[in-house]
Amino acid sequence: MLNKDSKFPGKDRSDKGKWIGPWLPQWRDQGDTGPFTMLRQLYGEIQQASESLKAKQAQLKQAGKYTPAGISDKLRQVARAETIPGIRTAAAEQVRKYRREIDSRRAAMKPFDSDPKDIVSEMRRQEVRAWLRTMKPDERTKAVRGASDPLIKEAALSVPVELTGLLQSTRDDLARELIEARYGDEIEALNELDEAVKTVERAVDGARDDVREALGMVEHDFNAEFRDVEDEIDRLAEIRASKPQPKIDFDSVMSSVKALNVDEQEQLVNAIQLEQKRADDRAFRDEIARLSGKAA
């Protein structure tokens with residue numbers, strides 16, 4: 001990662017000044033692994049991908065063997081086979097995974113739990129709604145907003161808004177208040193993760209712009225030349241995400257792993273990570289070579 005030893009590592013703007021944002025100190029996991037650790041690694045790799053292309057450009061110029069057109073052709077080959085896939089893969093897989101997880105967890109948050117078999121609680125909510133309907137609109141809104149008993153707010157949220165005499169905006173505010181009261185810590189954690197994901201997403205856009213600038217291409221031409229590569233990466237990522245995972249006998253696997261000494265366990269982990277990276281690289285490079293008609 002660029003400036004990795006800084007308190008705020010990373011390249012916070014693209015070469016043309018587009019805002020990306022630094023990696024903030026609070027974005028870290030308690031251990032050595034976790035979503036922030038993975039996202040920080042992606043953040044660095046994405047930015048390094050565009051920097052590597054610019055370094056390649058400098059090398060070609062310094063060699064003095066190529067015309068400007070020849071340098072441009074070489075850089076486009078590298079961008080197509082390596083740089084664009086390196087940048088896009090992060091967005092297509094890991095970033096998308098965390099984005100879906102955030103959205104899923106937020107969607108699962110409910111203002112309160114309702115048990116259809118709890119007749120007593122439902123009768124109490126009906127009484128509250130009957131009481132609210134005796135009030136004038138302003139009084140009703142004030143009573144619900146200022147209620148210290150969550151049952152009053154639950155009563156207003158457990159039926160369609162038309163049956164409560166409240167405005168939709170009031171109902172939305174009530175739902176948000178109850179959700180924040182129930183899931184405050186989780187919401188705060190998700191918000192931090194969301195900001196980290198957004199920063200990586202901006203890093204993808206910034207790195208993409210840096211590559212385009214290095215190639216000396218306008219946005220329309222750049223999109224036309226590399227969109228097929230990006231679309232194919234997205235398609236393969238969707239296939240992998242939807243592919244059923246084979247069942248594994250974890251007890252048997254763990255027994256075998258525990259039988260290894262510490263050094264052997266570390267070698268196994270490194271080998272698994274390396275093989276996964278090789279498999280991903282092979283899949284992407286095969287498709288890219290097919291699309292471009294060039295060997296990766």
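The values are calculated or read from the model by the stated rules, or taken from the named source; none is laboratory data. Remember, it's a predicted structure, so these values are computed and weren't measured experimentally. Note that each Cβ is placed from the backbone with ideal geometry, even for glycine, and that neighbours are counted across all protein chains shown.
For this structure, a couple of remarks:
- Of GLY44, GLY86, GLY17, GLY21, all but one fail to be surrounded by fewer than 13 Cβ atoms within 10 Å (Cβ to Cβ) and not aliphatic (A, V, I, L, M); the exception is GLY17.
- Candidates ARG202, ARG227, ARG208, ARG171 - the one that is outside the structural domain of ARG99 (by TED's automatic domain parsing) and either among the hydroxyl-bearing types (Ser, Thr, Tyr) or assigned to a helix (DSSP H, G or I) (or both): ARG171
- When GLU154 is tested against the conditions (1) free of Cβ contacts under 8 Å to residues at least 40 places away in the same chain; (2) farther than 30 Å from MET38 by Cα; (3) among the acidic types (Asp, Glu), the lone failure is (1).
Per-residue answers, yes or no, for (1) of a type in the set (A, V, I, L, M, F, W, C); (2) at pLDDT 85 or above:
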| site | (1), (2) |
| --- | --- |
| LEU178 | yes, yes |
| GLU213 | no, yes |
| ASP263 | no, no |
| ILE272 | yes, no |
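- For ALA130, the conditions (1) outside any loop (DSSP other than H, G, I, E, B); (2) outside the structural domain of VAL200 (by TED's automatic domain parsing); (3) surrounded by 13 or more Cβ atoms within 10 Å (Cβ to Cβ) are fulfilled apart from (3).
- Qualifying positions in the range 34-50 - more than 16 Å from the chain's Cα centre (by Cα) and either under 12 Å from VAL197 (Cα atoms) or hydroxyl-bearing (Ser, Thr, Tyr) (or both): SER50
So that you can scan it fast, the table gives a plain yes or no per residue for (1) in contact (Cβ under 8 Å) with a residue 60 or more places away in the chain; (2) closer than 30 Å to LYS18 by Cα:
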site	(1), (2)
LYS97	yes, yes
ILE102	yes, yes
PHE112	yes, no
ILE119	no, no
GLU122	no, no
SER169	no, no
ASN191	no, yes
ALA196	yes, yes
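- Count - residues of the range 133-144 that are over 43 Å from the mean Cα position of the chain (by Cα) and not in a loop (DSSP other than H, G, I, E, B): 2
- Screening the candidates ASP73, ASP138, ASP115 for the property of being modelled with pLDDT under 90, of a type outside the set (A, V, I, L, M, F, W, C) and over 24 Å from ILE179 (Cβ atoms) yields one hit, ASP138.
- Filter result (hydroxyl-bearing (Ser, Thr, Tyr) and not in a helix (DSSP H, G or I)) within the range 87-127: SER114
- For the range 155-176, a tally of residues being of a type outside the set (A, V, I, L, M, F, W, C) and at pLDDT below 85 returns 5.
- Answer residue from the range 240-261, given it is of a type in the set (Val, Ile, Thr) and surrounded by 10 or more Cβ atoms within 10 Å (Cβ to Cβ) and is modelled with the highest pLDDT among those: VAL257
- Meets criteria (touching a helix residue (DSSP H, G or I) at 6+ places or on another chain (Cβ under 7 Å) and either outside the structural domain of GLU238 (by TED's automatic domain parsing) or not in a helix (DSSP H, G or I) (or both)) for PRO25: no
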